[in-house]
Amino acid sequence: MTSHVLPAAKVEHFTLANGLDVIVIPDHRAPVVTHMVWYRNGAADDPPGKSGIAHFLEHLMFKGTKKHPKGEFSEFVSEVGGQENAFTGNDFTAYFQQIAKQHLKACMAFEADRMTGLTLTDDIVAPERDVVLEERRMHCDADPGAQLSEAVQATLFTHHPYGIPVIGWGHEIEGLRREDALAYYKRFYTPENAILVVAGDVEPEEARALAKETYGKIKPRGAKPERVRPMEPPTVASRLVTVADDKVEQPGWQRHYLAPSARTAKEGEAEALEVLGHLLGGGQTSVLYRTLVMEEKLAVSAWAYYHGTALDQSRFIVNMTPAPGVTLEALDKAFDRALAKFLDEGVDSGALERAKTRLVADATYARDSQSDLARWYGSSLAIGQTLRDVEEWPGRIEAVTPEAVIEAARRWLDHKPAVTGYLLPLESEAA
């Protein structure tokens with residue numbers, strides 16, 4: 001079952017004496033290396049009342065250290081023709097560079113220095129906070145679609161911090177201070193809490209020696225920080241969230257269901273949900289597209305997605321755009337009918353095989369991208385999965401049965417605890 005699992009080369013995993021996990025993914029097709037550091041903390045680890053601090057600190061990590069002033073690391077990456085970036089999710093924060101292999105040691109030295117040597121002054125923190133607030137205003141507050149997504153998420157997760165946007169709430173970002181950033185940095189930015197992923201033209205022993213020489217010098221802080229989060233209570237309440245705005249040109253419909261993540265699911269359940277997402281809304285041959293777009297012509301787009309990469313309970317999302325003249329209430333009923341028919345008729349064996357083949361093919365194609373591969377391993381380990389979980393995933397997808405897909409759909413796509421979102425032009429609000 002696992003003959004074509006990821007990746008072709010042997011992936012090495014070892015841990016330095018200070019607790020840093022290291023993953024090496026050899027790929028010798030080009031003299032290029034992707035160097036990533038993942039921290040096992042994200043927006044869901046923000047302290048109460050300090051939402052946005054994980055993302056804010058990601059910005060501040062580019063502001064220089066005692067050893068390397070602001071801009072020096074980025075200038076180095078640019079000068080050697082490399083690329084760099086960083087991103088914050090609910091469960092992790094990651095920093096990466098893609099560079100020619102001879103610059104790997106230099107990047108490791110820069111990143112290791114940044115793990116402990118960050119220097120922050122109020123003169124640095126205040127303007128960067130304004131940058132984040134402007135980012136929030138542009139991408140969230142001014143976009144009705146983003147407002148709806150935030151409202152749906154906050155309604156689905158009433159108790160768990162996944163209900164808080166990664167960027168944070170505006171009024172809480174305004175209150176973030178230098179002391180908050182430093183306290184968060186000291187808690188989470190430690191070797192025990194980090195995962196180094198090196199993918200590319202490097203041998204495991206060479207990567208081990210370089211990691212020891214750079215990251216290995218960092219003193220451990222002790223035990224990994226614990227991530228204790230409030231869990232979502234059971235609910236039978238079906239909820240509707242509506243955003244109406246004069247900026248909306250195209251109405252939209254979405255439904256979010258609570259579902260287990262790859263980490264919290266029972267054996268085989270996450271893979272069944274993955275296949276279910278593809279069968280229901282994974283392209284133009286999917287059930288929803290065929291039924292509601294092609295046959296009934298009630299929608300112009302339809303997709304479904306299972307978000308499996310999460311530390312805690314996650315979600316299954318369905319999203320549709322109505323055809324002109326079709327109300328969101330009509331689309332709502334049409335979706336319920338299409339889902340009921342799917343559950344009643346069961347899974348077409350040909351469609352199931354095509355869905356599994358496509359998912360496994362996508363995983364196989366990920367081997368062709370160093371950064372995709374590094375992200376796959378990094379994000380999986382950051383939520384507590386193992387190398388084996390990543391490598392056996394294609395085989396587990398192939399093992400999904402029609403019965404498992406229907407069972408997952410009946411168990412998790414229950415209308416009662418779901419949240420439905422309507423996006424409407426302002427004049428339609430009363431319609």
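The values are calculated or read from the model by the stated rules, or taken from the named source; none is laboratory data. Because the structure is predicted, anything quoted here is derived from the model rather than measured. Every residue, glycine among them, receives a Cβ derived from its backbone with ideal geometry; neighbour counts consider all protein chains shown. Ligands, DNA and RNA are excluded from the accessible area calculation, which covers all protein heavy atoms including side chains. Shrake-Rupley method; radii C 1.70, N 1.55, O 1.52, S 1.80 Å.
Worth pointing out:
- PHE87 sits with roughly 50 Å² accessible to a 1.4 Å probe, with DNA, RNA and ligands left out of the calculation.
- Distance between the C-alpha centres of segment 297-326 and segment 343-419: 16 Å, rounded to the whole angstrom.
- For segment 209-306: accessible area per residue (Å², 1.4 Å): 53
- Segment 24-82: trypsin sites (Lys or Arg not before Pro) falling in loop per DSSP and having at most 10 other Cβ within 10 Å: ARG29, LYS66
- Mean-position separation - Cα centroids, segment 251-267 and segment 79-148, in angstrom: 28
- Cross-link reach is defined here as a Cα-Cα straight distance under 18 Å, omitting same-chain residues fewer than 8 places apart; for LYS224 the lysines meeting it are LYS186.
- 16 Å Cα-Cα reach of LYS297 towards aspartates and glutamates, excluding residues that sit fewer than 8 places from it in its own chain: GLU329, ASP332, ASP336
- Highest mean first, the peptides 379-387, 355-363 sorted by other C-beta atoms within 10 Å per residue fall in the order 379-387, 355-363.
- Under the combined filter of DSSP loop state and at most 11 neighbouring Cβ atoms within 10 Å, segment 244-315 retains these trypsin sites (Lys or Arg not before Pro): LYS247, LYS266, LYS297.
- 3J(HN,Hα) couplings calculated from phi for segment 421-426 with the Karplus curve 6.51 cos²θ - 1.76 cosθ + 1.60 (θ = phi - 60°) are, in sequence order, x, 10, 10, 10, x, 4 Hz; Gly and Pro show x.
- Take segment 50-107 with all the other protein chains still there, run a 1.4 Å probe, and you get 42 Å² of accessible area per residue.
- Within straight-line reach of LYS333, meaning a Cα separation under 20 Å, sit the following aspartates and glutamates at least 8 residues removed in sequence or on another chain: GLU295, GLU296, ASP344, GLU345, ASP414, GLU429.
- Label point distance in nm, THR357-LYS341, each placed 7 Å from Cα along Cα→Cβ: 2.5
- Estimated FRET transfer efficiency when R0 is 35 angstrom, pair TYR305-ARG187 (beta carbons, to 0.05): 0.60
- Of the GluC sites (Glu not before Pro) found in segment 346-431, those in coil by DSSP whose Cβ has at most 15 other Cβ atoms within 10 Å are GLU429.
- Karplus-based coupling profile of segment 251-259, in residue order and whole Hz: x, x, 10, 8, 9, 10, 10, 5, 8, with θ = phi - 60° in 6.51 cos²θ - 1.76 cosθ + 1.60 and x standing for Gly or Pro.
- Here P(r) over Cα pairs in 10 Å bins from 0, in percent was calculated from the structure, and among [x] 4, 20, 27, 26, 17, 6, 0; [y] 4, 14, 17, 15, 14, 12, 9, 7, 5, 2, 1, 0; [z] 5, 23, 34, 25, 11, 2, 0, 0 it sits at label [x].
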